[in-house]
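Participant: Quick one: this structure, given as structure tokens, is what I'll be asking you about.
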Amino acid sequence: MSSDEPQRQPGDGPEEPTARPSEPAARQDGPAEGPAERASRPSDPAPGGDRDDRAPADRPTPPKGTPGAPGRGTPGPGAPDGGPSTQQLRPLGRPKGAAPQGSPQGAPDPSTQQLRAIPPGPGQGQSQGQQHQGWAPREPEQGAAGAAAASVAAAPGDGAPGKAAKSGKKKRPKRKGWRRLFPTWRMVLAGFIFVVLLCVGGFTAGYLLIDIPPANATATKQANVYLYADGTELARDDSRGMNRENVPLSKVPKHVQHAVLAAEDRDFYGESAVDPKAMLRAAWNTVTGKGKQSGSTITQQYVKNYYLGQEQTVTRKVKEFFISIKLDREVSKDDILQGYLNTSYFGRNAYGVQAAAQAYYGKDVEDLTVGQGAYLATLVNAPNAYDVAAHPENKANAVGRWNYVLNGMVKEGWLSSADREKQKFPAPEQARGNQDLSGQRGYVVKAVEDYLIENKIVEEDALHRGGYRITTTLQKPRQDAFVKAVDDQVMSKLDKKARKIDRNVRVGGASVDPKTGKVVAMYGGIDYTKQFVNNATRRDYQVGSTFKPFVFTSAVQNGSTTQSGTPITPNTIYDGNNRRPVQGWDGGQYAPANEDDGQYGDITVREATDKSVNSVYAQMAVDVGSDRVKDTAVALGVPEKTPDLTASPSIALGPSTASVLDMTEAYATLANHGQHGSYTLVEKITKNGEDVALPERGEKTAVSREAADTTTSILRSVVDSGTGTAALAAGRPAAGKTGTAEEDKAAWFAGYTPDLATVVAVMGQDPKTAVQTPLYGALGERRINGGGYPARVWAQFTKEALEGKSVKEFDLELEPGADVPVQPDPSEGAEEPDPDEDTGGANGGDEDTGGTADGGAADGGGDQGGQNQGQNQGQNQGPTGGQDQGGQTQGPTAGQDQGGQTQGQDQGQTQGQNQGPTGGGADGGAADGGAQGGQQGALGGLTQGTTTGPRGRGGD
């Protein structure tokens with residue numbers, strides 16, 4: 001205890017510390033302090049000031065019982081329990097040598113003192129259940145050292161407070177050295193909890209924020225597959241999409257499904273959408289150089305293929321993770337497997353198992369064997385590397401992977417050990433070049449597309465998105481036969497180096513089954529990749545005289561009569577002179593020229609049809625009514641909106657530009673006895689295994705049977721003895737009509753048997769400018785006419801297309817009077833030819849009997865050919881009329897009677913000299929040539945015709 005601190009003596013009364021008037025007095029014992037003051041006073045001593053650092057044992061202790069002495073005692077009179085009477089006041093002095101201002105040195109300053117609690121001494125206890133606490137003055141300036149000393153001095157040797165002080169926690173020593181580099185277990189635990197919470201929060205946020213997106217554009221693109229009628233593949237149009245064809249899972253055999261599962265994910269049906277263990281294993285193998293692996297389940301791979309993309313990014317991987325989990329909860333496993341099989345890449349530009357089956361084995365997926373299915377499953381892992389046809393050096397690896405797949409199937413119970421032993425490695429076919437749409441495939445695809453869109457079967461944008469499996473009506477043997485016929489009769493005879501005009505030759509053709517309206521064959525051009533326009537469906541070439549039969553059909557259908565009131569039948573007589581003005585037409589004068597300006601005088605309808613006499617058919621169109629003619633043509637199958645299909649007398653001459661396919665449909669109606677059903681190119685169409693509805697054919701009566709069959713009867717005459725005799729090479733009863741466009745820009749033959757209707761056209765078009773050009777000189781001929789190359793193609797195709805079928809005759813029901821021949825009027829006599837008149841033109845320039853069969857060029861262009869033709873014709877003409885292949889079937893009588901030898905020689909010479917490419921007209925004189933010789937024999941030597949030359953104009 002400091003010497004400055006006053007000592008209390010036994011028996012002293014309460015201490016009365018002096019206070020300066022200017023300072024607040026120190027608190028004294030007594031009732032002056034109430035509970036409020038005590039409560040507001042801090043219980044711990046304030047820092048600063050000197051304190052008695054001596055141990056309690058060294059301090060002087062007043063005797064027991066003395067007022068204010070430590071120990072247990074009784075409070076003074078009037079003192080409350082715990083009041084000041086039981087407390088000691090111990091002033092805390094200042095440091096030695098320091099005295100407050102205005103106080104004697106060493107005297108404590110009561111105004112700066114505070115009361116400090118003094119723990120109870122040995123004799124002190126609790127009174128009335130309360131612990132009494134004493135207070136001692138203390139200066140606020142005391143520092144931390146004084147506070148620490150006070151805490152030590154306040155610790156008693158015995159009593160509860162002292163024990164509490166001793167039992168307090170010691171300050172933990174700081175971590176030093178290398179221990180500071182390692183976190184404490186508290187830090188580790190806190191970090192672990194933080195990571196767990198972060199992962200849970202991230203997973204929850206990802207699951208809620210990432211939705212299943214729509215399928216990506218690539219995954220939905222498919223090729224449209226076109227098939228022949230027998231189901232074999234015709235074309236695969238992947239020009240707008242991928243080589244993919246989706247199939248339902250039910251079409252994929254179980255052994256193929258199991259092979260893919262054995263190769264890629266054997267626990268697919270029992271696992272969750274993602275496999276963390278596999279992902280970690282794949283990551284480890286990739287890092288350690290054991291090969292790059294995905295570690296993805298089939299669900300994840302499907303999500304990548306169908307919803308996302310192939311980019312290797314963290315963002316894509318995160319999306320894949322969450323989409324897979326959601327998809328697994330919303331979609332069945334079978335649906336996921338089906339999508340996976342349809343989106344996986346198998347190499348050879350094949351997406352999906354169906355395209356892969358075709359690419360590697362040329363068959364549908366449902367026809368794959370166990371071994372083949374296992375090989376396709378092998379390809380999923382490394383399509384290009386395991387293609388043993390393209391990379392034979394990798395066969396050992398491919399076989400090893402193939403064995404792995406089969407062994408996995410055995411292990412999973414999907415394949416028996418016995419069946420496993422039977423399997424031999426199924427080598428795939430050699431990779432085929434990208435066929436695309438070359439050859440006839442492109443023409444067929446384009447025609448089918450137009451058919452589907454025009455008939456509103458499939459919307460254009462939907463068709464271009466792909467995915468349709470289209471079975472066409474085309475029959476592969478007949479399609480091949482058509483191509484061969486064109487190659488044999490036309491293309492093989494082109495010499496594009498020697499004759500530039502040969503570069504302009506185009507061919508189009510189509511064949512329809514009259515009973516069903518199905519298109520069984522089509523020829524669109526030499527190659528779609530070289531000539532893009534489909535010559536079978538284009539509508540920009542005049543049909544010429546192939547339209548004339550529709551005029552006669554309309555006449556019979558409507559019971560029409562001539563201007564004199566005579567019913568129109570095959571034997572009705574018309575004036576066939578050149579440039580004869582039509583009668584009964586109020587639209588102005590119309591006087592069409594005949595082919596080569598031929599003068600025919602009175603001529604029957606049948607004969608006028610054989611020779612394509614323009615003046616007869618123009619008058620007939622007026623007699624029937626050109627509007628009725630148009631209606632009949634439309635009813636037969638010619639589109640109503642065909643260019644230049646106008647109701648006027650000229651409609652009979654064929655200025656309209658219907659397509660080859662349009663004309664085939666119309667002629668098929670005639671072959672079907674007037675029953676018309678729109679042609680069809682599509683037998684069946686499906687998408688994703690579901691059928692697409694096709695319109696009903698809706699066959700109806702276009703014209704009466706008498707009208708159709710009577711027309712057939714006069715068209716049979718054209719083939720038997722008219723301009724279409726080349727068609728007899730088919731070896732079948734046939735009816736047909738030749739036709740030539742203006743300026744010989746196209747030559748046609750349209751014909752049919754009871755079983756097949758076919759139209760062939762040869763066209764001229766500049767390959768650079770696409771301008772239509774005449775065909776003079778093409779194929780080494782002066783002129784190209786319908787009875788020449790088109791009829792020959794028709795005959796060869798028809799013969800091959802109907803090979804093996806029994807020969808059928810036409811079953812015709814004719815109109816009344818149609819089979820009654822018209823006898824010539826003897827009173828008119830026979831008109832003798834003028835010896836000075838050039839009579840060789842029409843005969844020698846026979847457009848439809850042209851070609852070498854007539855003794856030279858198709859038009860008799862050469863002098864020698866003309867002489868030979870004239871000699872043959874003059875010698876062989878006979879009274880039976882008509883001509884078959886240059887008159888060879890006709891008897892010699894009439895020719896000899898008319899001095900045929902001389903006539904033939906003169907005719908041939910004149911023809912050779914006068915006929916040339918300047919001869920215009922639609923039929924090149926063909927219709928009016930050889931047949932006219934027959935007519936001359938029949939009618940007693942009527943004028944044969946006029947010279948073919950620059951004046952010629954035509955309608956045939």
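Participant: DSSP loop GluC sites (Glu not before Pro) in region 566-651 with at most 12 other Cβ atoms within 10 Å of their Cβ, which ones?
Facilitator: Counting only loop positions with at most 12 other Cβ atoms within 10 Å, the GluC sites (Glu not before Pro) in region 566-651 are 640.
Participant: Next up: Do any of 745/808; 456/700; 304/363; 515/548 go past 25 Å between their Cα atoms, and which?
Facilitator: 745/808; 304/363
Participant: Let me ask something else about it. Arrange the following residues from fewest to most other Cβ atoms within 10 Å of their Cβ: 515, 630.
Facilitator: Sorted ascending by nearby Cβ count, the order is 515, 630.
Participant: Further question on the same structure: Averaging the inverse of every distinct alpha carbon separation and then flipping it gives the Kirkwood radius. What is it for region 360-456, in angstrom units?
Facilitator: Value: 15.9 Å, from the Cα pair sum.
Participant: Ok, one more. Hey, how much of the P(r) for region 316-377 falls beyond 14 Å, as a percent of Cα pairs?
Facilitator: Roughly 63 percent, once rounded to a whole number.
Participant: Which trypsin sites (Lys or Arg not before Pro) from region 726-777 combine a DSSP loop assignment with at most 11 other Cβ atoms within 10 Å?
Facilitator: 768
Participant: Can I ask one more? If you rank 681, 756, 189 by fewest surrounding Cβ atoms within 10 Å, what's the result?
Facilitator: 189, 681, 756
Participant: How large is Rg over Rh for region 379-534, taking Rg from the Cα atoms and Rh as the Kirkwood inverse mean of 1/r across Cα pairs?
Facilitator: Radius of gyration relative to Kirkwood radius: 1.16.
Participant: Here is a further query. Give the dimensionless ratio obtained when the Cα radius of gyration of region 748-794 is divided by 2.2 N^0.38 Å.
Facilitator: Normalised Rg, Cα atoms only: 1.34.
Participant: When only DSSP loop residues count, what trypsin sites (Lys or Arg not before Pro) in region 529-583 have their Cβ near at most 14 other Cβ atoms within 10 Å?
Facilitator: 530, 579
Participant: Calculate how large, on average over all directions, the projected area of the Cα convex hull of region 689-797 is; give the answer in nm² to one decimal.
Facilitator: 11.2 nm²
Participant: Output the relative contact order of region 630-730, whole-number percent, from Cα pairs under 8 angstrom with separation of 6+ residues.
Facilitator: Normalised by residue count, the contact order of region 630-730 is 24 percent.
Participant: Dividing the alpha-carbon radius of gyration of region 534-582 by 2.2 N^0.38 Å (N being the number of residues), what value is obtained?
Facilitator: Scaled against compact globular proteins, the figure is 1.54.
A short reminder: the numbers here are calculations on the coordinates, not readings from a lab. Note that the structure is a prediction, hence the values are computed from the model and not measured. Glycine gets a Cβ as well: all are built from the backbone with ideal geometry, and neighbour counts include every protein chain shown.
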